[in-house]
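The values are calculated or read from the model by the stated rules, or taken from the named source; none is laboratory data. Not measured: the values here are computed from a predicted model. All Cβ positions, glycine included, derive from the backbone under ideal geometry; neighbour counts span all protein chains shown.
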Amino acid sequence: MAGAMRPAGPGARWRPSELLLPTPAGLYCPPADIHIDPVRPVARALITHGHSDHARAGHGAVLATRETLAIMALRYGEGFAGSRQVALPGEAIRIGEVDFRFLPAGHVLGSAQIAVESRNLRIVASGDYKRERDPTCAPFEPVPCDIFITEATFGLPVFRHPPAAGEVAKLLESVRLFPERTHIVGAYSLGKAQRLMALIREAGYERPIYIHGAVEKITAFYREEGVPLGETRLVAGQDRKALGGEIVICPPSATQDLWARRFPDPVTAFASGWMRIRARARQKGVELPLVVSDHADWDDLLATIREVGAGEIWVTHGEADALVHWCGTAGLRARPLHLVGYGDEGEAETEAEAADAPEA
């Protein structure tokens, strides 16, 4: 890449910016000539997970976990890239003189951190991640490293997420108290919707869960992967007036559409870390806010930084300034990368959800 400096001699330790650096297309590894989660089409891409702000179509070659490649094919079609290669969890894949390893990120099914290692320097790019237990995907694995690249979607002290099981209990209690009302839960179609279903089943709810058409393809894929979701039924073709007392899961945008008003006296819920901010819930017309996030909250961001033991922290997106400031007080070097093109928790999913299936 033009302008990239080279080490002083063969075998010399890389400077961090020689191994990985931010570019307009995304994080770039010059020695391997490959990008991580590029926001525009590139020749070669490593993809951390299937959300549409990280996984875009049109790259020449894509390396990702088997599940992420399958999700991209579901959303974009089989021709989403010129070629694809499966990265097995923990397997070192050498490109040039750089080893890449995909390790679980705990965000959604197939999500991975990417460890980039060469010449005694290891940089770990987290992608999006969470630390709370999730029955639908492999848990986050802390990876010791020299530099940790972290997201900071909820990188403010106000964001301390309660246990998701408690939020699901609130939903089921509302269903019990209002058996005549349909409970319509806004949840992003990849990851959040399926996690909610699994948690609802773990809480003992056995009735069918009704789903919007935009949730169907990914839900079917999760089920094929062995995730226990119980019985689901498409809303399409149902007599909506007969769905009082039932749970319906749909994209968040659908909760504010005419689609949602056709159910009996609906209770509108939204599952998101942003529901910690009550003003945001009121702004979106949410009657039952559920603080269920697929991202690390403030405490888990700090705990993860301590756990990986990196001496330097790079922050890709979200509330970077607060996290960078905390790192400084903890004696760590830190800087924001100011990468553009990555959304907050699922906002970039709206377009992908519509493409999945607009009918319900």
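Can you work out which of the residues in the stretch 257-282 that are of a type outside the set (D, E, K, R) and exposed (fewer than 15 other Cβ atoms within 10 Å of the Cβ) is farthest from Val175 (Cα to Cα)?
So, considering only residues that are of a type outside the set (D, E, K, R) and exposed (fewer than 15 other Cβ atoms within 10 Å of the Cβ), the one farthest from Val175 (Cα to Cα) is Ala279.
What about Phe102, is it closer than 20 Å to Val308 by Cβ and touching a strand residue (DSSP E or B) at 6+ places or on another chain (Cβ under 6 Å)?
Yes.
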Subject >> Flag if Ala193 is of a type in the set (Gly, Ala, Ser), crowded, with 23+ Cβ neighbours inside 10 Å and assigned by TED's automatic domain parsing to the domain that holds Ala271 >> reply: yes
**OP:** Take the stretch 119-131 and flag every residue that is surrounded by fewer than 23 Cβ atoms within 10 Å (Cβ to Cβ) and either more than 11 Å from Val308 (Cβ to Cβ) or not assigned by TED's automatic domain parsing to the domain that holds Glu151 (or both).
**Re:** Arg119, Asn120, Leu121, Arg131
Original post:
Going by the conditions given, is Leu323 buried (at least 19 other Cβ atoms within 10 Å of the Cβ), at pLDDT 95 or above and in the same structural domain as Pro22 (by TED's automatic domain parsing)?
Top reply: yes
Original post:
Checking Ala112 against (1) on the phi > 0 side of the Ramachandran plot; (2) buried (at least 20 other Cβ atoms within 10 Å of the Cβ), which test does it fail?
Top reply: (1)
**OP:** May I ask you to list the residues in the stretch 324-339 that are farther than 20 Å from Leu19 by Cα and either under 19 Å from the mean Cα position of the chain (by Cα) or of a type in the set (Ser, Thr, Tyr) (or both)?
**Re:** Thr329
**OP:** Return yes or no: is Val215 modelled with pLDDT of 95 or more, in contact with a strand residue (DSSP E or B) (Cβ under 7 Å, 6 or more places away or on another chain), β-branched (Val, Ile, Thr) and farther than 28 Å from Leu69 by Cβ?
**Re:** no
Original post:
Within the bounds of the stretch 64-77, is there any residue that is more than 28 Å from Ala334 (Cβ to Cβ), surrounded by fewer than 17 Cβ atoms within 10 Å (Cβ to Cβ) and not assigned by TED's automatic domain parsing to the domain that holds Leu337?
Top reply: no
Subject >> Set Ile218, Ile211, Ile249: member being buried (at least 23 other Cβ atoms within 10 Å of the Cβ) and closer than 14 Å to Val108 by Cβ >> reply: Ile218
Original post:
Can you tell me which residues in the stretch 72-102 are aliphatic (A, V, I, L, M), without any contact (Cβ under 8 Å) to a residue 60 or more places away in the chain and not in a loop (DSSP other than H, G, I, E, B)?
Top reply: Met72, Ala73, Ala81, Val86, Ile93
Subject >> Flag if Ile93 is of a type in the set (Val, Ile, Thr), modelled with pLDDT of 95 or more and under 28 Å from Arg15 (Cβ atoms) >> reply: yes
Original post:
Is there a residue in the stretch 301-317 that is assigned to a helix (DSSP H, G or I), in contact with a Gly (Cβ under 7 Å, 6 or more places away or on another chain), in contact (Cβ under 8 Å) with a residue 40 or more places away in the chain and assigned by TED's automatic domain parsing to the domain that holds Asp128?
Top reply: yes
Original post:
With respect to the numbered conditions (1) more than 30 Å from Glu312 (Cα to Cα); (2) aromatic (Phe, Trp, Tyr); (3) surrounded by 24 or more Cβ atoms within 10 Å (Cβ to Cβ), which one is the sole condition not fulfilled by Phe148?
Top reply: (1)
Subject >> Complete set of residues in the stretch 53-71 that are out of contact with any Ser or Thr (no Cβ under 9 Å at 6 or more places or on another chain) and assigned to a loop (DSSP other than H, G, I, E, B) >> reply: Asp53, Arg56, Ala57, Gly58
Subject >> Which numbered condition Thr304 fails, given (1) under 19 Å from Ile147 (Cα atoms); (2) crowded, with 22+ Cβ neighbours inside 10 Å; (3) touching a Pro at 6+ places or on another chain (Cβ under 9 Å) >> reply: (2)
Original post:
Restricting the search to the stretch 92-150, which residues are among the aromatic types (Phe, Trp, Tyr) and closer than 17 Å to Arg44 by Cβ?
Top reply: Phe100, Phe102
**OP:** Name the single residue, out of those in the stretch 52-71 being charged (D, E, K, R) and touching a residue at least 60 places away in the same chain (Cβ under 8 Å), that is nearest to Gly26 (Cα to Cα).
**Re:** Asp53
Subject >> Leading residue by the ranking (farthest from Tyr76 (Cα to Cα)) among those in the stretch 221-234 that are without any contact (Cβ under 8 Å) to a residue 60 or more places away in the chain and exposed (fewer than 14 other Cβ atoms within 10 Å of the Cβ) >> reply: Glu231
